[in-house]
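Shown next, in structure tokens, is the structure this report addresses.
The values are calculated or read from the model by the stated rules, or taken from the named source; none is laboratory data. Bear in mind that the values here come from a model prediction, so they are computed numbers and not experimental data. Cβ sites come from the backbone with ideal geometry, for glycine too, and all protein chains shown count toward neighbours. Surface areas here come from the heavy atoms of the whole protein model, side chains and all, with no ligands, DNA or RNA. Shrake-Rupley method; radii C 1.70, N 1.55, O 1.52, S 1.80 Å.
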Amino acid sequence: MTPHNVVLGTVYLLQIIIGALGNFFLIYHYSVHFITHKRPRHINLILIQLSFANAMFLLSRGIPITMFSWGVKYFLNDVVCKITIYLQRVFRELSLCSTCLLTSLQAIVISPNSPKWAILKVKSPKGIIPCCIFSWILSLFTDTILLVYIIGPTQNSTKNNRLRFCSLDPYAIYSLKLQLWKSLYDSVLVVFMTITSGYMVFLLYQHHQRVQHIHGTSLSSRVSPEIKATKAILLLVSTFFLFNLVCSILSTYANQPNVSGPWMFYVPMFLSMCFQAISPFLLLSSESWVPWELCCFIQVIKDPCATSISCQTHTEP
């Protein structure tokens with residue numbers, strides 16, 4: 001095992017630990033909030049699903065690549081490759097669907113109080129659970145057929161799989177058709193997410209213009225929670241676009257026959273997990289309860305049976 005492999009494996013491991021802890025912290029907070037509050041925010045269900053999908057994607061993708069970087073390759077066979085690649089695709093798809101749901105719901109929340117939007121605002125919370133269930137069904141069954149074409153490194157030639165990692169069978173024409181259909185499906189979700197994000201930017205611009213007109217040069221220092229949440233979600237979507245775009249470009253370039261070098265494999269792998277690792281901290285950036293809640297989270301980890309009085313009596317601002 002070379003020194004650069006040790007460094008790569010350590011970087012992947014840190015990315016997994018930091019990202020997974022951040023996502024599990026969000027799951028803990030939003031679950032407690034949804035269970036204990038009399039009027040819980042239904043958007044928390046989407047945030048719980050998004051955090052769970054991101055955490056599981058980091059674990060299912062990060063652990064195998066970390067072991068692979070450290071030279072532990074004997075565990076890679078057809079069965080392990082099929083399971084790990086399938087789980088990665090399921091949770092990546094669930095993360096995409098959850099982000100799309102999150103932007104759509106937030107666009108409805110901050111939309112004008114017109115009669116048409118008022119009806120949608122009343123009905124949208126009732127549709128969150130069915131939408132979450134439907135996104136699970138889509139994620140679980142969209143990539144099922146691809147399991148047939150996932151092969152381990154022992155069946156791949158060095159030419160087609162330079163680093164001898166799991167991959168799709170390059171000679172299966174039907175798998176290429178499925179990948180094209182999958183790309184089209186993902187593109188529809190991304191386009192819809194782009195439209196809703198653009199609509200939220202437009203609404204935020206209108207809100208800023210109104211506030212500036214009312215207060216003149218002295219803008220109010222108090223920002224509504226809806227505006228804070230919208231800005232955090234827009235930052236989340238921008239991060240998603242950035243990392244996925246760069247990762248797609250590098251992956252396409254790495255598949256060229258005249259391109260060689262292990263960095264063309266390891267760098268896209270690292271970038272493909274960056275959104276899932278960073279997303280919880282982008283959502284936390286708009287919250288004021290983080291220091292207190294983090295103390296409670298650490299306390300629960302140390303002693304699950306003990307709950308401090310401060311944790312019981314604190315109310316989220």
Taking a label point 7 Å from the Cα of Ile63 along Cα-to-Cβ, the residues of the range 84-118 whose backbone nitrogen sits under 20 Å from it are 84-95
Can you give me the Cα centroid spacing of the range 24-62 and the range 263-277 in angstrom?
23
Could you report the accessible area of Ser187 in Å², rounded to 10, computed with a 1.4 Å probe on the protein chains as they sit in the structure?
60
How many nm is it between the label spots at Glu226 and Leu21, if each spot is 7 Å from the Cα in line with the beta carbon?
3.6
State whether the range 51-150 is rounded, prolate or oblate according to the following rule on the C-alpha gyration tensor (a ≥ b ≥ c being the square roots of its eigenvalues): a/c under 1.5 gives rounded; otherwise a/b larger than b/c gives prolate, and the remaining case gives oblate.
prolate
Report the extension gain between Asn77 and Val246 in nm, rounded to one decimal, defined as 0.36 nm multiplied by the number of residues separating them, less their alpha carbon distance.
57.9 nm
Gyration tensor on Cα atoms of the range 90-137, a ≥ b ≥ c root eigenvalues, a/c under 1.5 rounded, else prolate if a/b beats b/c, else oblate, says oblate
Of Lys123/Lys231; Lys82/Lys182; Lys123/Lys228; Lys38/Lys116; Lys38/Lys121; Lys126/Lys182, which pairs sit farther than 21 Å apart, going by alpha carbon to alpha carbon?
Lys123/Lys231; Lys123/Lys228; Lys38/Lys116; Lys126/Lys182
With a 1.4 Å probe and all protein chains kept in place, how much accessible area does Ser279 have, in Å² rounded to the nearest 10?
0
Could you check the spin-label model distance between Val191 and Leu203? Points 7 Å from the Cα along Cα→Cβ, value in nm.
2.3
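Would you mind calculating the relative contact order of the range 1-140 from Cα pairs under 8 angstrom and at least 6 residues apart, reporting the percent as a whole number?
Relative CO of the range 1-140 lands at 29 percent.
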What chymotrypsin sites (Phe, Trp or Tyr not before Pro) does the range 67-120 have in DSSP loop regions with at most 10 other beta carbons within 10 Å?
Tyr74
Classify the range 39-100 as rounded, prolate or oblate from the Cα gyration tensor: take a ≥ b ≥ c as the square roots of its eigenvalues, call it rounded if a/c is under 1.5, otherwise prolate when a/b beats b/c and oblate if not.
prolate
When only the heavy atoms of the protein chains count and the probe is 1.4 Å, how do Tyr266, Tyr28, Tyr253 rank by accessible area, highest first?
Tyr253, Tyr28, Tyr266
